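Some notes on the structure that comes next.
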Amino acid sequence: MINDHIQQQINKGKMLPLMEEFYTIQGEGFHSGKAAYFIRIGGCDVGCHWCDVKESWNAELHPPTKTDAIVENVKKYTKTVVVTGGEPLMWNLDYITNSLQKNKIKTHIETSGAYELTGKWDWICLSPKKTKLPLKTIYPKANELKIIIVTKNDFKFAEKQAGKVASNCELFLQPEWSKREIMIPLIVAYVMKNPQWKISLQTHKYLNIP
């Protein structure tokens, strides 16, 4: 049970339900291959059946951690942070991004867009899910649109979502890991016919890194 003081700190973004934090290589999307410090925040109600971090869903399993301590850890490693989840926008991210940017650390977020955007971001990767669609206000702010391809129908979903983002938004199709052998040939053929799209692969899994 969280006491009132801790809840107030969480509401202000001065504490966050941290699931894990680690320094690694970004494995997906536009910034694939770049070194980055990942901050995974617990809590998600989007409910993707193929999610590979379902242990992040219940925020109560991840103890509130002082945001200042997280920022100090980041400073030891790199100048780029990726805030992910779970669904990180369930929490107030103004404080953490202000603190990071004051230390000249670039802030990236990976989100489904299902919650109001908080925080100041150098890069927003929007990955919409059919189970809980993004808010209309986040589409024009996305730098990158990443659609997970599980079935052939997901290509139609991808095009519908692409019609909502800005014209300069980077467009990526990524095979769901367990279906990659089936879906990769279809994605390759689709991108060759529709070159506005690019292919994203979970290269960190091929490299066997977090």
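Can you compute the helix-only [θ] at 222 nm over the chain? Use -39500 (n - 2.57) per DSSP H run of at least 4 residues, normalise by all residues, nearest 500 deg cm²/dmol. It would help to have the intermediate numbers written out before the result.
Details: 6 runs with 53 residues, N = 210.
It lands at -7000 deg cm²/dmol.
Could you grab the relative contact order for the chain? Cα pairs under 8 Å, six or more apart, rounded to a whole percent.
On the way: 416 pairs, mean separation 37.1, N = 210.
Averaging sequence separation for qualifying contacts and normalising by length gives 18 percent for the chain.
Explain nothing, just the number: dipole magnitude of region 4-148 about its Cα centre with +1 on each Lys and Arg Cβ and -1 on each Asp and Glu Cβ, in debye rounded to the nearest 20. Before the final figure, lay out each step's value.
Details: 19 positive and 16 negative charges, 105 e Å.
Value, rounded to 20: 500 debye.
Apply the a/c threshold of 1.5 to the C-alpha gyration tensor of region 93-151 and tell me whether it is rounded, prolate or oblate. Present the calculation step by step, with values, prior to reporting the outcome.
Details: a/c = 2.73, a/b = 2.00, b/c = 1.37.
In terms of gyration-tensor shape, prolate.
Roughly how many Å is it from the Cα centre of region 1-49 to that of region 121-186, as a whole number?
Here the two parts' Cα centres lie 21 Å apart.
Answer rounded, prolate or oblate for region 4-148, using the Cα gyration tensor with square roots of eigenvalues a ≥ b ≥ c: rounded when a/c is under 1.5, else prolate when a/b is larger than b/c, else oblate.
On the way: a/c = 1.40, a/b = 1.11, b/c = 1.26.
Judged from the Cα gyration tensor, region 4-148 comes out rounded (a/c under 1.5).
If neighbour count is taken as other Cβ atoms inside 10 Å, put THR80, THR203, THR137 in order from fewest to most. Don't skip to the end; give the middle numbers.
Numbers: THR80 20, THR203 14, THR137 10.
Starting with the residue having the fewest Cβ neighbours, the order is THR137, THR203, THR80.
Take the Cα coordinates of region 40-105, assign each an equal point scatterer, and use the Debye formula without solvent to give log10 I(q)/I(0) at q = 0.18, 0.21 Å⁻¹.
Scattering profile of region 40-105, log10 relative to I(0): -0.71, -0.90.
Plugging the Kirkwood radius over Cα pairs into Stokes-Einstein for region 136-210, at a temperature of 10 °C and a viscosity of 1.306 mPa s, what D comes out in µm²/s? Could you put the intermediate results ahead of the total?
Details: Rh = 13.0 Å.
Value of D from the Cα-based Kirkwood radius: 123 µm²/s.
Could you tell me which trypsin sites (Lys or Arg not before Pro) in region 142-210 are loop residues by DSSP with no more than 14 other beta carbons within 10 angstrom of their beta carbon?
Numbers: sites: LYS146, LYS152, LYS156, LYS160, LYS164, LYS179, ARG180, LYS193, LYS198, LYS205; in loops: LYS152, LYS164.
Qualifying residues, ordered by number: LYS152.
Of all trypsin sites (Lys or Arg not before Pro) in region 20-99, which ones are in loop regions per DSSP and have a Cβ with at most 14 other Cβ atoms within 10 Å?
Working: sites: LYS34, ARG40, LYS54, LYS66, LYS75, LYS76, LYS79; in loops: LYS34, LYS76, LYS79.
Qualifying residues, ordered by number: LYS34, LYS76, LYS79.
Readers should treat all values here as calculations from the given coordinates under stated rules, not as data from a laboratory. Computed from a predicted structure; not experimentally measured. No Cβ is skipped: glycine too gets one built from the backbone with ideal geometry, and neighbour counts run over all protein chains shown.
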